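Structure first, then comments.
The values are calculated or read from the model by the stated rules, or taken from the named source; none is laboratory data. Because the structure is a prediction, the values reported are computed rather than measured. Glycine also receives a Cβ, built like all others from the backbone with ideal geometry; neighbour counts cover every protein chain displayed. For accessibility, only protein heavy atoms count, side chains too; no ligands or nucleic acids. Shrake-Rupley method; radii C 1.70, N 1.55, O 1.52, S 1.80 Å.
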Amino acid sequence: MNKSDNLTDGVQQIQHDSLNAVFELAREFVSHDEEAYVRERIEKYYVSNVAEPDIYGLDSLERVISTALIAINEIGLKRDGVLAILLFRFVETDSMTIAEIRDKLGKGVADIISGISRVHSLYEKTPTVSSENFRNLLLSFAEDMRVILIMIADRVSLMRLLKNCANEAAMRRASEEASYLYAPLAHKLGLYVLKSELEDLSLKYLEHDAYYHIREKLNATKKSRDAYINRFIVPIKEKLEQHGLKFHIKGRTKSINSIWQKMKKQRCPFEGVYDLFAIRIILDSEPEREKMECWQVYSVITDMYQPNPKRLRDWLSVPKSNGYESLHITVLGPENKWVEVQIRTSRMDDIAEHGLAAHWRYKGVKSETGGLDEWLSSIRALMEAGDDLQVMDQFKTSMYEKEIYVFTPTGDIRKLSAGATVLDFAFHIHSKVGCQCTGAKVNGRIVNLRHKLQSGDQVQILTSAQQKPRREWLQIASTSRAKSKIRLALKETIVKEISITKEMIERRLKNRKVEFDEGIIQQLVKKMGFREVSDFYKNVADETLDIQSVVDGYMEIKNQRSATAPQPAEEERRSAADFVFKDDEKRADSSRKNKSVFSDTLVIDQSQKGIDYTLANCCRPIYGDDIFGFVTVSGGIKIHRTDCPNATELHKRFGYRIVDAKWSGKGQNTYSITLRIIGNDDIGIVSNITSIISKDEKIMMRSINIDSKDGLFSGNLVVNVDDTGRLQQLIKKLKTVKGVRQVERI
């Protein structure tokens, strides 16, 4: 038996008639030779080689022809779009090539078919297409907007034929995609009729009982509803005409899906939905008289019917953000039924029906939102203006030059800026993944960190526990997010390396029974030509600088100090008792009459020699604090802050032992100070606090101790700082952390 016998004569005739209908509509823009070529290919493929039904069990040719008719009649596609619809499946089944189509029918048709193929390939990479990112990725893959319009037409065609589908799982998936992917796209493009049809048909297959319940209710009440609308409109029409207003009135019934959504939102039965239909009064008003005439209509209607003040919506005075302007009122009509009335002008109605595109036409402004919505609305404006859709190929997705969308191995979609590398993607996933990234598998092929990603790539990051962030990564990464994470990781690595290296040097010196002296290290750093101590320690950690040479250099400087330092006679050594006290008679404070101070001010400097002083533990002064000295019993001097908790008592009881003191030169040491922090016990607040400290190379955190109770946390933070200036900067930054209530030095 010949394969062509598998198609009955009746089916062949239906297909032949449908194809004739397509070319009858397309004849104005498809030449006779092109029509003959396409017919020949279709007949050869669909008749001589009967195609298998698709996954929905539907006849492929029937669906193709249905899609073509929708594209011509309801969207307005022309030659390239229609020919692409008719021939796409030939390329999909390898019966034709893109090169052959480009040669026979031109680059436009070939490009659209390539775009459709690219979009179809996305479905193989992801298990779900419900995310906003997938919609954006689909648009960026399409490039030519006609591809998206064809996809919408194809989905409408599928939903109309889905009643013949026996595969319930496939039918449900198609309905879900129509609801959350294609209906929103149709809405964005101003294809409101197709959008409502997609939503209603999706509801039909996803919530069968609800759909038929509402449809039966609407059918049962249609006649009475139409009669009621007429009874409601007639007296209003007469009154408005008496006032000399130019207008027309429309009555519309809500779509089945809209009614179902309202029933769910309000948790009420069908009978509880008051606004099953709405009356729309559209005025032909001059711009300067729009608001006045709308309110005039409002006055006429509310004089005739009792209004519900709780359901008044005034979008005349303050339009919606999308430009929507209208006056909505709900009144108690005949038979005590609530009726919604929408009052607007022709201009307002155009904006309501066609969205921002119409708003821009009236206002003469461009979109301020940018991105996807601006681009879709530009297409919509072109469609609404009735322009020849042959120019659709001008609307490439240029905005997506700024963004790419890539897949994770599990099919999730991540958005990155254009030019993003494998390293950017790794840090986008997680900081730990980024720090350990060694490369990636992109579409199954191993690539290095520098590889630039493209939309649609499937990326699997390769990691190693031995990998560490490198400074050159800042040149590889292109996104600010990745660069900031790399900088933070580098600083944390440096702090850790410095701590380890310092301990290593101290251990080597201890083996030689030599104490570690920060001053000698500072001198050694300068001698070796390093500007920063951190650079010195980093070179030791990287083994660029041999640790043995460091120890040898340290010992050399120490020995030089010992050899050149003068050995003062015992009587030449100054002690606190040798200072001469000032007469205190001139002081006004009677409580301090007996107090004496040194005739000289004690200067605290890095090079200070011969003065036996230490910093008091009770107030822990640091370079930059206001200080004073206190002569101890042993003859040494303790340096206290002037705001030390013990300062008042020391002045009161031992005023004669107080020494004026001040800092001199530039602070060279680091000082350990403790900060008391109190704040809200929020997730991540400790991380935010430590992040601020780690970003400052001049500050090292020693410890942090946090307690939490009743939604609040309190704790002590011990850090090493150079001076009070850097301490105040740190306190100021910590106070900016969200949730931190108090930061004080203790």
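Quick notes on this structure:
- Of the residues making up segment 389-400, not a single one is under 28 Å from I112 (Cβ atoms), open to solvent by 30 Å² or more (accessible area, probe 1.4 Å) and modelled with pLDDT of 65 or more.
- Total residues in segment 24-45, condition open to solvent by less than 90 Å² (accessible area, probe 1.4 Å) and part of a loop (DSSP other than H, G, I, E, B): 3
- Scanning segment 73-121 for residues that are polar (S, T, N, Q) and in a loop (DSSP other than H, G, I, E, B) yields T93, S95, T97.
- Against the conditions (1) open to solvent by 20 Å² or more (accessible area, probe 1.4 Å); (2) closer than 30 Å to S431 by Cα, I486 satisfies every one except (1).
- Helices (runs of 4 or more DSSP H) within segment 189-286 that include 3 or more residues closer than 22 Å to D350 by Cα and in contact (Cβ under 8 Å) with a residue 40 or more places away in the chain: 192-206
- Residue count, segment 547-564 (criterion: open to solvent by less than 80 Å² (accessible area, probe 1.4 Å) and either under 28 Å from E497 (Cα atoms) or not in a helix (DSSP H, G or I) (or both)): 11
- Consider segment 129-175 and keep the residues that are out of contact with any helix residue (DSSP H, G or I) (no Cβ under 7 Å at 6 or more places or on another chain) and under 24 Å from T408 (Cβ atoms). The one that is modelled with the lowest pLDDT is S131.
- Residue within segment 438-450 that is modelled with pLDDT under 90, in contact with a Gly (Cβ under 7 Å, 6 or more places away or on another chain) and either more than 20 Å from I148 (Cα to Cα) or charged (D, E, K, R) (or both) present: no
- Residues located in segment 287-320, provided they are more than 30 Å from K217 (Cα to Cα) and in a strand (DSSP E or B): D314
- Check on K195, buried (at least 22 other Cβ atoms within 10 Å of the Cβ), more than 15 Å from I55 (Cβ to Cβ), under 28 Å from the mean Cα position of the chain (by Cα) and not small (G, A, S): yes
- Filtered residues of segment 525-538 (kept if open to solvent by less than 70 Å² (accessible area, probe 1.4 Å), farther than 22 Å from K695 by Cβ and either outside any helix (DSSP H, G or I) or not aliphatic (A, V, I, L, M) (or both)): M528, G529
- Counted as qualifying within segment 604-648 are the strands (runs of 3 or more DSSP E) with 2 or more residues that are farther than 16 Å from T670 by Cα and modelled with pLDDT of 85 or more, namely 627-631, 637-641.
- Scanning segment 677-690 for residues that are open to solvent by 30 Å² or more (accessible area, probe 1.4 Å) and among the hydrophobic types (A, V, I, L, M, F, W, C) gives I678, I683, V686.
- Flag for A569 being modelled with pLDDT under 55 and touching a strand residue (DSSP E or B) at 6+ places or on another chain (Cβ under 8 Å): no
- Candidates T648, T632, T674: the one that is within 30 Å of D535 (Cβ to Cβ) and open to solvent by 20 Å² or more (accessible area, probe 1.4 Å) is T674.
- Some residue of segment 219-242 being farther than 18 Å from V341 by Cα, modelled with pLDDT of 90 or more and surrounded by fewer than 18 Cβ atoms within 10 Å (Cβ to Cβ): yes
- Count of residues meeting criterion [open to solvent by 60 Å² or more (accessible area, probe 1.4 Å), assigned to a loop (DSSP other than H, G, I, E, B) and out of contact with any helix residue (DSSP H, G or I) (no Cβ under 8 Å at 6 or more places or on another chain)] in segment 691-746: 3
- A single member of S703, S687, S691 is within 35 Å of the chain's Cα centre (by Cα) and free of Cβ contacts under 8 Å to residues at least 12 places away in the same chain, and it is S687.
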